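Taking it in order: structure first as structure tokens, then the write-up.
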Amino acid sequence: MIKMQIDGQEVSAQPDSTVLEACRSAGIQIPTLCYHKSLSPYGACRLCLVEIEERGRPRIRASCVYPVEEGLVVHTNTDKVRHHRRMMAELLLARCPGSAAIRQIAADLGVEEARFPQKDEDCILCGLCVRVCEEKMGIGAVDFSARGSERKVGPAYDRKSPVCMACGACESICPMEKKLPEAVSSRAVRPSLAGFDAGLTRRSSIYIPFQQAVPNVPVIDRDTCAHFLTGGGCKTCLDFCEAGAIDFGQQDEQLALDVGAVIVSPGFELFDHALRSEYGFGLYPNVISSLQLERVLSASGPYRGHLQRPVDGKVPDRMAFIQCVGSREADANFCSSVCCMYAVKHALMAREHCPDLACTIFYMDMRAFGKGFDAYYQRAVDDGVRFVRARPANVQEVGEGKNLLIRYQDESGEFRSEEFDLVILSCGMRPSEDNGMLAERLGIGLDERGFCRTEAFDPMRTSRPGVFVCGAFSEPKDIPETVIQASGAAAKSMALLAEARGTMVSPKAYPPERDVTGEEPRIGVFVCHCGRNIGSVVNVPEVVAYAEELPDVVYATDNLFTCSQDTQELIKKVIADEKLNRVVVASCTPRTHEPLFRDTVREAGLNRYLFEMANIRDQCSWVHMHEPQAATSKAKDLVRMAIAKARLLEPLQERSMSPNHEALVIGGGVAGMSAAIGLADQGFQVHLVEREPELGGHARHVHFLPRGEEPKAFLAERIDRVTSHPRIKLYLGSVLKSVEGFVGRFTSTIVTNGTQHGIEHGVVIVATGAGMLETEEYLYGKDERVISQVAFESELAAGECELDNVVMIQCVGSRDDERPYCSRLCCNHAIRNALKLKELKPQANVFVLYRDVRAYGFREQLYTLAREKGVRFIRYEPERKPEVSQAGEKLRVEVDDPILQSRLAIDCDRLVLSLAVVPREDTENLAKMLKVPINQEKFYLEAHMKLRPVDFASEGIFLCGLAHSPKDLSETVAQAMGAAGRASTILANEELPLESAISEVVDANCDGCAYCIDPCPYDALTLLEYKRKGEIKKTVQTNEALCKGCGVCQATCPKQGIFVRSFKLDQLNAMVEAALEMG
Amino acid sequence: MSEEEFEPTIIAFCCNWCSYAGADLAGTSRIQYPPNVRNIRVMCSGMVHPNMVIEALTKGADGVIICGCHPGDCHYIEGNLRAEKRAEAIDLMLEDFGLEPERFRLEWVSASEGPRFAEVMKDVVESIRELGPSPYR
């Protein structure tokens, strides 16, 4: 090491290093422009000037090219140095006033304006591009030419260079951000685009694919990395990676895994918009894809969630969505199922950002068929989103503003054109091109479209035993359906692997818990932006600054997403570094995220219960969106309240119990039977209760399916399996009288013909089904020719049909004010019956009066087929419903045809009604018995629509089938298997964690008055007497196994003699007081 | 403080299973209500001690509301019914402390009643605004 003196300090420097490097490693800041860590020093910009004593006299020298030597004396911050640096900065600024980098350097040196004549050069002659091309790429495509004031950088002879490989290194290193590759290379320049941002942003060749990637480490794109392209050059990233983690020699590895089942879920590919040239994608910059809009609207996207046009940053006034791009067409005769809803979501989100934005959605049928979807669609209609039923012919760019003209034909046949600022193509799902290769390797079959082949009655099964499928690989589907199938595929796999369950699992290890007794509170506060969800309303930095000042807070910060994996790592690090003993997260709701954060603090060695949350999203930013100041002030209050409670939190002991491993399944239809089989096959005992004397439910009335499947045989097989399964106990003609207890420990009473059976079980699956609407509309029940789709199916199943004219009316009792939901089954049931009728009697006339044909997924193909066979589909408006009358002997249906624009009168000999699926009348009773919620339509309400679609919020209770929402047979089977999969995650445990926040008696305060004993709903309290100092002392004792922590005792006690841990009176009072301390 | 400027501070004790979830649902549905309410999550409406309500009011809260599950829906069987009984006692105590009965309320809000949560809160804030600041403020 070489010893030298910098600014009076003794410093040791590496031999062969420069004075600049020595200064920087000593932590002394020196401005540079032409210096780059990976390149040889050049001394061009002269910004790094320092004073070096030579023979006792200080001289101004460029530190980047001055080698260190023993005993050197350097001054970096003298008046003279500063004066010279400022002068250099002024000269640079005069030459290139347009450069942001130079303006910054000048500003840092205190130079605001240059006194010299201003030029407008776009090159500072720093030589970075020349050096990187020569030294790193080994190409030398750019170099200096000419001399003096003529000196410039460019390719040889000013001709575009054939040796330049357009790697972009010169551009990335240029302080002037000059587009050098375009000027230098004879090749076409194609920047690498970030796939995650749907091509809206660029990325380098070494990059982290997206913010929340797991693991969160960079990858190298070998196809564009200059190191691989030049056969060993560049390696610049090596100089910057201090961890030394870059390994260019990494090779693909082949792993051999010994497995008992395979689950395939490779997903889908988006339709390539560029193929739809009439819409101008790739041609007009303001035609973007739905995925690009998703990124535009995302807080972590390229514009941080601000709605703007990618090409010019203009905020659009008029935005149009074109639906079914790449779906529902000749070469893709299926519906992608998700685009209608995501377009509605995008329109609503965009209008949230820009309330004056006009959104128009061009669509064919609004396929809002899922649970809650129609209500969401209606919200968009009410919000002012315009829905136009048309498939646009083309899109053309107009004018200098690059706006777009959409031409379309409206329903009445009129040609129209409208101008928009931004056009979004709602692209469809396509099977991946790699599916063929994957299927071949796995030995599974694909269908003619390239999706995985499955069976209607076993939707997760592939053609090869032991290989299961879930997600969009088998058919386009949305998140809830995908999650349901994923749990179902897990259940199917576990049926094969039941014996080996748990044998290869090592339990998660936590570090020992740190004892914080006696420590003063040291609180860390993490305030979440939640993308833009919080940050766009609440001033998050202000909340952080406020929290920092509160007593006992030793650390406060903000995070874009506090729930992300990298933030968990940060929280753990901060807990260790700052010796935190309490953590507060201000973000969303503890109902969904408390478990995650508690686990994080536990991983950092803190007790889980030393954690508190402030709900500043669901209960603040989202409900005060138009009052940012009040919301910010409320957020501060909420944080202060959480901190006040956190200060008083105490570590609690973890508790657990061994659960019962049996299941109760309520309902013996396809859902209940499939769930029962799914669990019994995994080795669990199942009690199956059906109130009717026979199994089968609605499936008993299903006679045929469109692709030739045999529902009767399927049902017989299910019933046979249920009745013969050694682990299924069947209770036919039985009702559930009561359910007591909680996850892992339920006790229920089943009544069969007056006989009561008490059973114990660990979980409950609700599969109680749904009913069919009873109505008097359209003469139903008054004229025997008016029947339901179900009755019509039975009629057709006889195999003969003498009918000449059949009319079907859709949405009877669905999608109205009373039942604002779609019954989902009916469109496809109508199509199925219509096709059957056409098969039996091709000359029969069938008219389907509909509102939207919701033939989602592969059902579209049958819709197409029905139209080919001559089934006529006539749309009606809900405001002008069809009218049915008896005209003498005739049954007449009148309807306004929006295309012909005239009223049609159809005399028919059968009117078939698609009656709504309605919840069971006893839903509320059972919901009360189980203490689970129902939604406004009286279907059961799952814990989370997307993330937990078969769970109830109460642990240990699951749901499937029509009780959840209308769905078809195949979807019911999938959901039943999903529920079985979820239920097994509890049944398979030997130990289940128990609530730790339960009651505790303060013996000193308790005088044994016993007021608390009677109100306790769990009989968890008993009165005790014991001898203390010769006297009898009365006190109360908690049975920890029984207590659930409701706290009724705490509110009853007049003497603060009993409380619930983590909700103690002083903790709650501290929150109240904090709330009242006006912030 | 003039009537127009008065912004009441309301403390809302919300049970974890129904009302707190209903408050979250108001958020996910983006239903707007006045920002005067400070929610405190409790496991059950039956956990809220009457003294805590009175203390909040005497320490300067302009109103206190307890929100629980609808009768029959209580996660802990009948904690909400206990809360209902106690509400009667609280009403009596308000009188003793010279507080208007409107300053305390008990309401049932289920997990699916986001709109109702917002409605209730709007109503509470409006009625307390009309009533004016707490005499203990």
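The values are calculated or read from the model by the stated rules, or taken from the named source; none is laboratory data. As the structure is a computational prediction, the values presented were derived from the model and not from experiment. A quick note on method: Cβ atoms are made from the backbone with ideal geometry, for glycine too, and the neighbour counts reach across all protein chains shown.
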Quiz item: Which residue out of A:Leu773, A:Leu796, A:Leu736 is of a type outside the set (Ser, Thr, Tyr) and over 39 Å from the mean Cα position of the chain (by Cα)?
Solution: A:Leu796
Quiz prompt | Qualifying position, being within 14 Å of another protein chain (Cβ to nearest Cβ), within 30 Å of A:Leu1076 (Cα to Cα) and not hydrophobic (A, V, I, L, M, F, W, C), among A:Arg608, A:Arg647, A:Arg640, A:Arg598 | solution = A:Arg640
Self-check item: Any pair with Cβ under 7 angstrom, 6 or more apart, that starts in the stretch A:446-469 at a residue that is under 17 Å from A:Pro711 (Cβ atoms) and in contact (Cβ under 8 Å) with a residue 40 or more places away in the chain and ends at one that is part of a loop (DSSP other than H, G, I, E, B) and of a type in the set (S, T, N, Q)
Solution: A:Pro459/A:Ser474
Exercise. Determine whether A:Ala261 is over 20 Å from A:Val344 (Cβ atoms) and either out of contact with any Phe, Trp or Tyr (no Cβ under 9 Å at 6 or more places or on another chain) or exposed (fewer than 13 other Cβ atoms within 10 Å of the Cβ) (or both).
Key: no
Quiz item: So is A:Ala556 free of Cβ contacts under 8 Å to residues at least 60 places away in the same chain and surrounded by 14 or more Cβ atoms within 10 Å (Cβ to Cβ) or not?
Solution: yes
Exercise. Kindly establish whether A:Leu796 is touching a helix residue (DSSP H, G or I) at 6+ places or on another chain (Cβ under 6 Å), in contact (Cβ under 8 Å) with a residue 12 or more places away in the chain and more than 24 Å from A:Ala963 (Cα to Cα).
Key: yes
Self-check item: Subset of the stretch A:560-584 that is more than 24 Å from A:Phe210 (Cα to Cα) and surrounded by 21 or more Cβ atoms within 10 Å (Cβ to Cβ) - its residue that is nearest to the other protein chains (Cβ to nearest Cβ)
Solution: A:Val584
Quiz item: Looking only at strands (runs of 3 or more DSSP E) that fall completely inside the stretch A:403-504, which ones have 1 or more residues that are of a type outside the set (Asp, Glu), crowded, with 16+ Cβ neighbours inside 10 Å and modelled with pLDDT under 95?
Solution: A:422-427
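How do the strands (runs of 3 or more DSSP E) wholly within the stretch A:982-1079 filter down when requiring 3 or more residues that are within 14 Å of chain B (Cβ to nearest Cβ): which remain?
Per the criteria, A:1058-1060.
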Practice problem: With the checklist (1) surrounded by 24 or more Cβ atoms within 10 Å (Cβ to Cβ); (2) under 19 Å from A:Leu1068 (Cβ atoms) in hand, flag the one item B:Phe117 doesn't pass. | Solution: (2)
Quiz item: Restricting the search to the stretch B:21-37, which residues are crowded, with 24+ Cβ neighbours inside 10 Å and at pLDDT 95 or above?
Solution: B:Ala23, B:Val37
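Considering the stretch B:52-67 alone, what residues qualify as being of a type in the set (Gly, Ala, Ser) and more than 10 Å from every other protein chain (Cβ to nearest Cβ)? Steps first, please.
Initial filter on the stretch B:52-67 (of a type in the set (Gly, Ala, Ser)): B:56, B:60-61, B:63.
Selection gives B:Gly63 alone.
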Quiz item: Being touching a residue at least 12 places away in the same chain (Cβ under 8 Å) and farther than 27 Å from A:Ile998 by Cα, is that true of even one residue in the stretch A:637-660?
Solution: yes
Exercise. Evaluate the following for A:Ala631: is it among the aliphatic types (A, V, I, L, M), assigned to a helix (DSSP H, G or I), buried (at least 24 other Cβ atoms within 10 Å of the Cβ) and in contact with a Cys (Cβ under 9 Å, 6 or more places away or on another chain)?
Key: no
Practice problem: For the stretch A:1050-1071, indicate whether the set of residues that are modelled with pLDDT under 90, in contact with a Phe, Trp or Tyr (Cβ under 8 Å, 6 or more places away or on another chain) and of a type in the set (D, E, K, R) is non-empty. | Solution: no
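How about the stretch A:864-946: which strands (runs of 3 or more DSSP E) wholly inside it have at least 2 residues that are at negative phi and in contact (Cβ under 8 Å) with a residue 40 or more places away in the chain?
Passing ranges, in order: A:883-887, A:890-897, A:902-908, A:910-915, A:917-919.
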Practice problem: Go through the residues of the stretch A:948-965 one by one and say whether even a single one is more than 26 Å from A:Ser674 (Cα to Cα), within 14 Å of another protein chain (Cβ to nearest Cβ) and either out of contact with any strand residue (DSSP E or B) (no Cβ under 6 Å at 6 or more places or on another chain) or not in a helix (DSSP H, G or I) (or both). | Solution: no
Quiz item: Within the stretch A:778-805, restricting attention to residues that are of a type in the set (Gly, Ala, Ser) and assigned to a loop (DSSP other than H, G, I, E, B), which residue is modelled with the lowest pLDDT?
Solution: A:Gly799
Quiz prompt | Index of the failed condition, A:Glu171 passing every other in (1) part of a loop (DSSP other than H, G, I, E, B); (2) touching a Leu at 6+ places or on another chain (Cβ under 8 Å) | solution = (1)
Practice problem: Answer yes or no as to whether B:His70 is in contact with a strand residue (DSSP E or B) (Cβ under 9 Å, 6 or more places away or on another chain), more than 7 Å from every other protein chain (Cβ to nearest Cβ), surrounded by fewer than 24 Cβ atoms within 10 Å (Cβ to Cβ) and modelled with pLDDT under 95. | Solution: yes
Quiz item: Among the residues of the stretch B:125-132, is any more than 7 Å from every other protein chain (Cβ to nearest Cβ), small (Gly, Ala, Ser) and not in a strand (DSSP E or B)?
Solution: yes
Exercise. Please go through the stretch B:17-28 and pick out each residue that is at the interface with chain A (Cβ under 7 Å from one of its Cβ atoms) and more than 14 Å from the chain's Cα centre (by Cα).
Key: B:Ala21, B:Asp24, B:Ala26, B:Gly27, B:Thr28
Practice problem: Could you pull out the residue among B:Ile31, B:Ile11, B:Ile40 that is farther than 12 Å from B:Gly68 by Cβ, touching a Lys or Arg at 6+ places or on another chain (Cβ under 6 Å) and at the interface with another protein chain (Cβ under 8 Å from one of its Cβ atoms)? | Solution: B:Ile11
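Could you identify the single residue in A:Ala141, A:Ala114, A:Ala94 that is within 30 Å of A:Thr236 (Cβ to Cβ), among the hydrophobic types (A, V, I, L, M, F, W, C) and outside any strand (DSSP E or B)? I'd like the intermediate steps shown before the answer.
Values: A:Ala114 fails: within 30 Å of A:Thr236 (Cβ to Cβ); A:Ala94 fails: within 30 Å of A:Thr236 (Cβ to Cβ).
After ruling out the rest, the residue left standing is A:Ala141.
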Practice problem: Please give the strands (runs of 3 or more DSSP E) falling wholly within the stretch A:639-702 in which 2 or more residues are crowded, with 19+ Cβ neighbours inside 10 Å and under 34 Å from the mean Cα position of the chain (by Cα). | Solution: A:663-666
Practice problem: Return only the number of the condition from (1) more than 13 Å from chain A (Cβ to nearest Cβ); (2) farther than 27 Å from A:Cys1049 by Cβ that B:Tyr136 does not satisfy. | Solution: (1)
Quiz item: Can you find a residue in the stretch A:529-546 that is within 14 Å of chain B (Cβ to nearest Cβ), touching a residue at least 60 places away in the same chain (Cβ under 8 Å) and either at positive phi or in a strand (DSSP E or B) (or both)?
Solution: yes
Practice problem: Just name the residue that is nearest to A:Gly531 (Cα to Cα) out of those in the stretch A:618-628 that are more than 7 Å from chain B (Cβ to nearest Cβ) and at pLDDT 95 or above. | Solution: A:Ser621
